[in-house]
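The values are calculated or read from the model by the stated rules, or taken from the named source; none is laboratory data. Bear in mind that the values here come from a model prediction, so they are computed numbers and not experimental data. For neighbour counting, all protein chains shown are included, and Cβ atoms are generated from backbone atoms with ideal geometry for every residue, glycine included.
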Amino acid sequence: MAMNRFMHPRNPYKSPPDFKSLAIEYPEFREKAIQNLSGHVRLDFRNQGSVWALTKSLLHRDFGLKVEIIPDRLVPTLPLRLNYLLWLEDLFNANPFVFKKISGIDIGTGALCIYPLLAWKHLSWRMLGTETDEHSCQCAQLNIEKNKLEDQVSVTLVSSDTYLIGAVKEDETYDFCMCNPPFHKENTAPKARNPDRHGPRNAPTGTKTEVSVTGGEEAFVTGIINDSAVLKDRIRIYSVMLGHKSSVAPMKQKAMAAGALQTVSSVFCQGRTTRWGLAWTFDPRVEIASVKSPFEKEKKQQKASLPFTYDFLIDEGFTYDGLVQKLTQLLEKLEIKSVKEEDDEGIYVVGIVAPTNTWINSRKRRREEKRRLAMLQSQNQNGTEICSKAGADCESFDNAATSTTSTSTDTVSHSEPESSGQEETSKRKLEDSSEQNVTKKLKTESDCGESKAYLKALITILELDDAVKLEILYMDGTGGRDSCNQLLVYLKSHIKDVQ
């Protein structure tokens, strides 16, 4: 299942980019894009050059950056890099009196110099990048010069055994360091934690030294921790991004054993990829342990559960593109609001908000309405009158002085960068100013014009080898989880009738 709904809330790519507009604007991207008969544009990430075409186009369109890369070097994906930078920004925002004009070090910046360039253009942080490969260092310098950022970003060539000591001068201090270390052990092929898990969707990029190292990522990060024990608070926050969840706990322990005062970890989610962030500090003025991971906040708020699923067999004539088209038509027919959240090779995610139940028969809907109305009436206490869906006027006590309504905004997770994906219950505050000044909150289906949705969910379509899987994940709504099952039953029986 796609993880974009757990992406950092400020990540601009929480809403997927419009491939069609990119193809129109950027010829290099257009060469890699694929358009089907219905006009839908997608990208096959398994093709060499597709990730590079997308990254290059987005860097120019969204950040005004002009970049080039050496053909065989690692091509970064933007959503992941931004998740890391935005998490660091969260740590700085938690310490506003410590961090003013921010400067940092990127260990192993790569040929594209992606972190330093993004850090300055998106966040105005001055950056130093280190690089052990001479050709990558030269390419990084060219990208800095191409964007006229020599005064804000610099890159330096270091030896292969240099982490921080040797790169940081005696009279220098930095606010943070960051690193995307080689994840894999040398001479060891990448291996999935789950043998049934699908392989990587992206074509492989990167040199041997960029993707693997002797001892793997734990050995590499241990070198950074050892340097941090010497440099102490000359760098206020040390951080790394890990490719394996199993590395988080032992690296935390090593940082604390080296004398770190605090540690904190986070999870970076994007597409089908998950990475883990780890930070530690020796500075007593810096508070990082209390900063909550955006992933944990989102997961708690969304109360994610197992989705309802159904497989449409390819042998029975179902196709991925056809199912996407039919789903779109049925949602329009049911008057269900929808927001496309991901549209990639073989995966389509749409967030839906259904104000009412439009997919079960009218007699059953009437029974459902009576049941909900009875539940609402049972909550009516102390003379408070309830706004019914039948059109009854909302009335407060005759001598109420004020009536203030507070409602939350209907949002769907991942389609909007700042949304959490869970709507608060509508409230009405009733105040009796002449007697008690008592506030009462009404959780009603209709609150004088604003009502809580019957169902909020994520619908995912996945292309498998022999089938197309449809998943419906319940997020919120008065209809409860069973409303997802009802909707799935409706879609199963009606999708084949859509032309």
Exercise for review: Taking T130 as the residue in question, decide whether it is assigned by TED's automatic domain parsing to the domain that holds E31, touching a strand residue (DSSP E or B) at 6+ places or on another chain (Cβ under 9 Å) and part of a strand (DSSP E or B).
Suggested key: yes
Exercise for review: Answer yes or no as to whether K245 is at pLDDT 95 or above, surrounded by fewer than 21 Cβ atoms within 10 Å (Cβ to Cβ) and of a type in the set (K, R).
Suggested key: no
Review point. Counting only residues that are among the aromatic types (F, W, Y) and in a strand (DSSP E or B), which one in region 305-347 is farthest from L37 (Cα to Cα)?
Key: F308
Revision key, fill the gap. Taking region 449-499 and keeping residues over 20 Å from K333 (Cβ atoms), aliphatic (A, V, I, L, M) and not in a strand (DSSP E or B) leaves L464
Practice item. Looking at (1) under 25 Å from F97 (Cα atoms); (2) touching a Ser or Thr at 6+ places or on another chain (Cβ under 6 Å); (3) acidic (D, E), find the lone condition where D233 falls short. Key: (2)
Revision key, fill the gap. Filter region 442-499 for residues that are more than 18 Å from V324 (Cβ to Cβ) and of a type in the set (F, W, Y); the one that is modelled with the lowest pLDDT is Y474
Exercise for review: Go through G104, G110 for me and flag whichever is within 20 Å of L65 (Cα to Cα), in contact with a Lys or Arg (Cβ under 8 Å, 6 or more places away or on another chain), assigned to a strand (DSSP E or B) and of a type outside the set (F, W, Y).
Suggested key: G104
Revision key, fill the gap. Going through region 4-35 in order, the residues found to be closer than 20 Å to V324 by Cβ and modelled with pLDDT under 80 are N4, R5
